[in-house]
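Data block below; observations after.
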Amino acid sequence: MGQSRGKAVLRACGCAVAGLVLVAGCAADGTPKGGAASGTPGASAASGTGTPGTGGTGASTPAAPPGSAVPIPMPPVDESKQPKTAAEARDLLARIIVAEQDLGPEVVRSTPFESRPGRWPVLDAGCVWQTEGLPADVLATSTRYFHIPAKDGRGRVRINATVTVHHSREESGWETARAMEEVLRCPDQKLREGEELKTLWGGVFYLGEQLNAWTEDAFTETGKYVSAQDGGPYDYTWSQAQYGPVTVAIAAKGAQGVANEDLSSFVAMGTSMMMIQAKQELGKAAG
């Protein structure tokens, strides 16, 4: 999608700032600034004791999150590397999506760990999330579910990562546009029975706008998470980024004793890591 679309959506949202890039606060080398208190989720993400970059390619790469003062290289997409079939798309997203060790030593797999193949989330007219078969513009998509177990008075933190592969850049851009429209249409959303998101707002920044120097289109959504099992309301943050035909996203649901800055560290690390791996897989080689 183009720059005019991003600006128009942002105006419709009340010119909201990009919460992720401003809240996460990262150093130029990609590490969260200042770290977090010992025992908090942010401390895990910032510690570097995980193995960044191994969720997809296996190569260790520095995570340069949104908000970094140093622009992340934006290589042109090599069209010869773009997947043409669903099988090729599934193979690509498996090399991009993060694993639990990429997010920190306290992060573990949830059950179920991965979404059902061939299914797609859809927000219906009543602002309730349903699942349907993949739309025509999606070659493949996958979501992985993680959490940090409750410990020492801190509640359980839920994290999920999603990679979606489309046929083209135009299709992936429309996905970001639809996500923004969903926030405007449904600031309150029901995820499933006993689990809801409240007072959502979002911001879209095309490449070059504000602090976005790392993705073709950046979308951030924040609000409150309420669960019959976990309690609440707690902070909720979701970020999506686009590179060519691929979108990557991380969502983090807070808990008792967890600061919003901690959630933002996970979201910034995970999203930027997957963007780096997407560029490695699809970008044209230098020279």
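The values are calculated or read from the model by the stated rules, or taken from the named source; none is laboratory data. What you see is a predicted model; the values in this text were computed from it and never measured. Cβ sites come from the backbone with ideal geometry, for glycine too, and all protein chains shown count toward neighbours.
Listed values, structure above:
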item: Matching residues in segment 79-137 - criterion: being among the β-branched types (Val, Ile, Thr), in contact with a strand residue (DSSP E or B) (Cβ under 7 Å, 6 or more places away or on another chain) and more than 23 Å from GLN242 (Cα to Cα); result: VAL107, VAL108, VAL128
item: Residue tally, condition closer than 16 Å to TYR225 by Cα and touching a Lys or Arg at 6+ places or on another chain (Cβ under 7 Å), over segment 158-196; result: 4
item: Residue list for segment 95-139, restricted to those being in contact with a Lys or Arg (Cβ under 9 Å, 6 or more places away or on another chain), among the small types (Gly, Ala, Ser) and surrounded by 16 or more Cβ atoms within 10 Å (Cβ to Cβ); result: ALA99, SER110, SER115
item: Lone qualifier among THR164, THR220, THR215 - being touching a strand residue (DSSP E or B) at 6+ places or on another chain (Cβ under 6 Å) and at pLDDT 95 or above; result: THR164
item: Residue check for VAL258: assigned to a loop (DSSP other than H, G, I, E, B) and crowded, with 21+ Cβ neighbours inside 10 Å; result: yes
item: Segments classed as strands (runs of 3 or more DSSP E), wholly inside segment 77-186, with at least 2 members that are under 18 Å from GLN280 (Cα atoms), touching a residue at least 12 places away in the same chain (Cβ under 8 Å) and not hydroxyl-bearing (Ser, Thr, Tyr); result: 157-166
item: Candidate set from segment 80-94 (those that are of a type outside the set (A, V, I, L, M) and surrounded by fewer than 16 Cβ atoms within 10 Å (Cβ to Cβ)); member that is farthest from the chain's Cα centre (by Cα); result: SER80
